[in-house]
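Below: the structure, in structure tokens.
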Amino acid sequence: MRVKAPRATVTVALVGNPNTGKTSVFNALTGLSQQVANYPGVTVERVSGTLWTRHGPVQVVDLPGTYSLAARSPDELVAVDMLLGQLEGEHGVDAVVAIVDASNLVRNLYLLSQVFELGLPVVVALTMPDMAERNGRPVDAEALSALLGVPVVPVRADRREGIDALVEAIERSLDSQTGPPRESLPELPASLRDAVDALRAEFGDAVRREFGHELTPAEALRAVVDVDGEIPQRLARRLGPAFEARLAELRREIAGERSPAALEASARYAWAERVYDRAIARVAPRDGQTLSDRIDTLLTHRVWGTVVLLAVLGGVFQAIYAGARPLMDLISGATALAASAVTATLPAGPLESLLADGVIGGVGAVIVFLPQILLLFVFVAILEDCGYMARAAFLMDRLLTRVGLSGQSVIPLLSSFACAVPGIMAARGIADRRDRLATILVAPLMSCSARLPVYVLLIGAFVPERSWLGGLVGLQGLVLLAAHLIGVAVAVPVVWLLRLTILSGRVPAFVLELPAYRLPNLRAVLMRAWLQGREFLVRAGTLILAASVVVWALTYFPRPEEIARHYDELRERAVTVSQERALDAAEQAEYLQQSYMGRFGRAIEPVVRPLGWDWRIGMAAVASFPAREVIIAVLGTILGVEDASEDSPDMIRRVQGARRADGTPLFTLPVALSLLVFMALCAQCVSTLAVMRRETGSWRWPAFAFGYMTVLAWIGAALTYQLARGIAG
Amino acid sequence: MTTLDCLSPTQSARVLGVRGADGLTQRLLEMGLIEGTNVEVVRLAPLGDPMELRLHGYHLSVRKSEAARVEVEPCV
């Protein structure tokens with residue numbers, strides 16, 4: 001049985017439809033005190049902050065935007081449970097601030113009518129009064145307040161207008177502790193009310209026994225109406241078949257011609273229309289199209305709309321792919337500088353190496369993602385805020401439903417070509433859980449910029465420079481293009497299989513509001529990007545750092561004395577500086593060979609033999625778990641390269657000249673291609689997996705992604721090797 | 001009587017009801033596609049699907065497969 005947590009703090013919940021300026025109101029109320037966490041077991045963010053009232057601090061929770069309290073997925077259930085006071089670890093809500101968009105009053109009143117029935121004190125924040133005015137349908141806030149029997153405060157959160165009045169209204173409602181008056185509630189049909197009463201009378205005791213709370217009229221109504229809903233399912237799980245049978249019977253009794261859902265919707269919209277008619281100050285004749293309509297004629301046009309979409313997508317991609325580059329280089333440079341400063345000050349040894357390679361390298365590996373994350377989220381926030389994101393989904397939906405995704409997967413997948421980390425974070429905007437998971441699971445297959453150095457090295461060293469059509473088409477370029485396309489080509493059947501198996505079910509609905517265009521609020525945009533960045537650092541950053549320290553330890557230990565002694569002797573006999581540096585490199589290669597990682601590489605040699613690899617390549621692939629490009633550094637070390645980077649001549653020479661034990665070349669074109677395919681398809685990127693864990697709330701999904709991608713990468717590499725060898729003869 | 005997916009752009013209709021009793025039907029109802037609502041097809045996406053509707057003074061996008069559940073009476 002569930003025990004209610006003690007009422008530690010006073011909590012106010014923000015409830016409203018999507019696209020109503022709810023987040024702007026939240027920002028204005030809580031400022032920089034925001035915290036982002038996850039509700040347990042779901043992928044929904046719990047965004048909260050502190051509002052200082054005359055009674056002291058009040059916790060404000062920004063519930064996910066919703067059109068209705070009928071929860072049809074665990075994600076949607078969170079907001080409803082929070083309002084019903086049934087969320088594990090939460091103590092319930094003391095008052096509700098309902099965000100109501102004045103320019104879209106009727107549909108917003110639908111949700112409000114459901115919120116009214118919870119019996120909690122309600123304050124209405126009436127947003128976008130200016131837009132309603134421009135549309136010729138200004139709302140009379142006083143009349144609306146009189147009709148609803150609760151305070152109605154017009155706010156323009158972007159200008160902080162009305163926020164003080166809103167805070168005062170919240171304070172008063174917390175004092176009063178009374179819900180909306182009975183006479184302002186919508187009248188539901190008698191058949192629905194009878195069913196609710198019957199359910200409460202017959203199962204009230206059982207619910208109290210099983211769940212430890214009252215079966216409220218609001219919860220009973222959801223049980224009766226929501227045929228596929230989460231609430232009736234949860235009740236049925238605990239109350240058994242007797243409850244289910246009775247529920248089915250009650251639903252049959254209600255439904256004559258129409259379903260319970262149709263009865264509820266009709267009653268609420270009738271109420272909303274009535275309130276609307278009396279709350280509109282005046283009705284100006286509409287002068288044809290609004291500005292937003294005219295913009296839409298262009299932006300969703302068959303030809304121009306597509307052109308604009310491609311330009312926007314191209315711009316976003318270019319910004320995170322190339323625009324973030326200077327900052328990322330700066331971070332890499334600073335990391336290298338810090339590491340060399342440590343190497344210079346501390347005596348050589350485990351501590352020096354741990355700090356320089358493990359910790360500083362790890363921290364650098366974390367913050368290097370920040371420029372891309374911040375830039376992408378500035379774009380995402382602008383596109384969502386101004387209303388274009390919904391149009392992009394509208395334009396792309398047909399194309400993406402053919403491969404089993406939805407129009408909302410566009411930005412996450414596109415971003416993943418630069419980096420899967422911000423791409424997976426952007427998948428939050430996808431409403432349906434299965435669509436979101438499918439997108440997250442294939443996002444790492446899109447070829448990210450970290451794979452590029454690996455491609456460049458292997459192609460530069462092994463693919464002959466051949467070109468046709470007067471240099472227009474080059475073989476090296478074609479292989480590079482193929483390396484980028486292979487992930488896309490593989491993603492299509494992967495999504496198809498996911499849809500048939502673990503993510504099976506009805507095609508999720510695409511019932512998407514196309515909100516009126518409006519100017520984005522710069523403060524909210526920057527706030528959003530900053531919160532995402534901070535969250536990444538705190539939640540994924542620690543994991544990434546831990547992983548890089550572990551991999552460092554595996555490649556560093558053990559450190560037998562003999563190697564050091566042996567090389568010290570050799571170095572004493574060395575004459576030139578270059579001889580000494582060659583000895584240093586050889587020493588590092590020997591350390592790595594007998595390290596735990598090196599031993600592991602030898603142990604898995606039979607597994608990588610079908611790919612044409614020897615243990616050194618296998619080990620380098622495993623050791624690149626922190627990030628794919630690490631494979632270059634590890635290969636460089638094991639081959640005795642003094643300065644390992646993808647375009648250093650020494651590196652290319654060493655890779656070309658590497659021999660197997662029997663004297664044959666280690667790398668041939670088939671081996672290089674097999675490694676290239678492996679790196680294109682594998683999940684060797686701890687940051688991606690950490691973000692996946694963060695976004696899905698469980699280790700199950702990153703473990704699954706790692707498993708399926710590694711298997712795919714192995715199969716792809718083996719096929720490539722065997723095929724290429726067959727062709728090459 | 002016809003269904004919403006059969007209408008062409010700029011055509012208007014009055015909703016008679018939404019078929020089915022599952023979550024998708026409930027979603028369409030909640031968005032305002034209830035008996036008596038006036039709905040206009042604004043346009044189709046460039047690839048012919050989904051469609052953009054105007055109802056209760058706002059714009060809504062639905063796939064044709066979803067619109068096929070909405071029974072309407074075209075306005076002339």
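Just so it is clear, none of the values below were taken in a lab; they were calculated from the coordinates. Note that the structure is predicted; figures quoted are calculated from it, not measured. Quick reminder, even Gly has a Cβ in these numbers, built from the backbone with ideal geometry, and neighbours come from all protein chains shown.
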Simple spin-label estimate for A:T343/A:A245, 7 Å along Cα→Cβ, in nm, reads 7.7
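Please state the charge dipole magnitude for the range A:11-181, taken about the Cα centre, from unit charges on C-beta atoms (+1 on K and R, -1 on D and E), reported in debye and rounded to the nearest 20.
Working: 11 positive and 20 negative charges, 58 e Å.
The calculation lands at about 280 debye.
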If neighbour count is taken as other Cβ atoms inside 10 Å, put A:V575, A:V711, B:V62 in order from fewest to most. A:V575, A:V711, B:V62
Taking amide H positions as placed 1.01 Å from N in the peptide plane, with prolines and chain starts having none, which residues 5 or more places from A:I430, or on another chain, fall under 5 Å of its amide H? none
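What is the dipole size for the range A:188-250, taken about its Cα centre, with +1 at each Lys and Arg Cβ and -1 at each Asp and Glu Cβ, in debye to the nearest 20?
Working: 9 positive and 12 negative charges, 34 e Å.
Its charge dipole is roughly 160 debye.
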What are the ³J(HN,Hα) values, in whole Hz, obtained from phi via the Karplus relation 6.51 cos²θ - 1.76 cosθ + 1.60 with θ = phi - 60°, for each residue of the range A:387-393 in sequence order, with x given for Gly and Pro? x, 6, 4, 5, 5, 4, 5
How would you classify the range A:11-181 from its alpha-carbon gyration tensor, with a ≥ b ≥ c the square roots of the eigenvalues: rounded for a/c under 1.5, else prolate if a/b is greater than b/c, otherwise oblate? rounded
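If I take every Cα pair under 8 Å that is 6 or more residues apart in the range B:2-74, average their sequence separation and divide by the length, what percent do I get for the relative contact order?
Working: 147 pairs, mean separation 32.5, N = 73.
The value is 45 percent.
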Would you calculate the volume per residue, in Å³, of the smallest convex hull containing every Cα atom of chain A? 205
Under 5 Å, built H, 5+ apart or other chain: amide partners of A:E161: A:R156
Taking the number of other C-beta atoms within 10 Å as the exposure measure, put A:K22, B:K64 in order starting with the fewest. B:K64, A:K22
Pull out a ≥ b ≥ c, the square roots of the eigenvalues of the alpha-carbon gyration tensor of the range A:554-656, then state rounded if a/c is under 1.5, prolate if not and a/b is larger than b/c, and oblate in the remaining case. oblate
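Relative contact order, percent, of the range A:190-279 when contacts are C-alpha pairs under 8 Å separated by at least 6 residues?
Numbers: 60 pairs, mean separation 24.5, N = 90.
Normalised by residue count, the contact order of the range A:190-279 is 27 percent.
Count charges around B:L16 for me, please; just the other residues with Cβ under 9 Å from its Cβ, Lys/Arg as +1, Asp/Glu as -1.
Details: positive: B:R14; negative: B:E35, B:E71, B:E73.
Around B:L16, the surrounding residues sum to -2.
In deg cm²/dmol and to the nearest 500, what is the mean residue ellipticity at 222 nm of chain B if only DSSP H runs of at least 4 residues count, each as -39500 (n - 2.57), divided by the residue total? Before the final figure, lay out the partial values.
Values: 2 runs with 12 residues, N = 76.
The per-residue figure over chain B is -3500 deg cm²/dmol.
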Calculate for chain A the 222 nm mean residue ellipticity that helices alone would give, adding -39,500 (n - 2.57) per DSSP H run of length 4 or more and normalising by residue count, nearest 500 deg cm²/dmol. -19000 deg cm²/dmol
Kindly write out, for the range A:118-125 in residue order, the coupling ³J(HN,Hα) from the Karplus curve 6.51 cos²θ - 1.76 cosθ + 1.60 (θ = phi - 60°), rounded to whole Hz, with x marking Gly and Pro. 6, x, 8, x, 10, 10, 9, 9
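Sort the following peptides by mean Cβ neighbour count (other Cβ atoms within 10 Å, averaged over residues), highest first: A:196-209, A:521-534. Let's see the in-between values first.
Working: A:196-209: 16.1, A:521-534: 17.9.
Descending packing order for the listed peptides: A:521-534, A:196-209.
Indicate the gyration tensor shape class of the range A:1-111 (rounded, prolate or oblate), computed on the Cα atoms with a ≥ b ≥ c the square roots of the eigenvalues: a/c under 1.5 is rounded; otherwise a/b larger than b/c is prolate and the rest oblate. Kindly include the intermediate steps, with their values, before the conclusion.
Numbers: a/c = 1.68, a/b = 1.12, b/c = 1.50.
It comes out oblate by the Cα gyration axes.
At a threshold of 8 angstrom on Cα-Cα distance, excluding pairs fewer than six apart, so keeping six or more, what relative contact order does chain A reach in percent? Kindly include the intermediate steps, with their values, before the conclusion.
Details: 1107 pairs, mean separation 73.6, N = 729.
Averaging sequence separation for qualifying contacts and normalising by length gives 10 percent for chain A.
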Starting with the fewest neighbours, write out B:D5, A:D62, A:D293 ranked by other beta-carbon atoms found within 10 Å of each beta-carbon. A:D293, B:D5, A:D62
If you count, for every residue in A:391-397, the Cβ atoms of partner chains within 10 Å of its Cβ, what is the mean? 4
Where does the charge balance sit around A:L77 when Lys and Arg score +1, Asp and Glu -1, over other residues with C-beta under 14 Å from its C-beta? -3
Computed over chain A: longest principal axis from alpha-carbon atoms vs helix A:577-594 long axis, angle to nearest 10 degrees, is 60
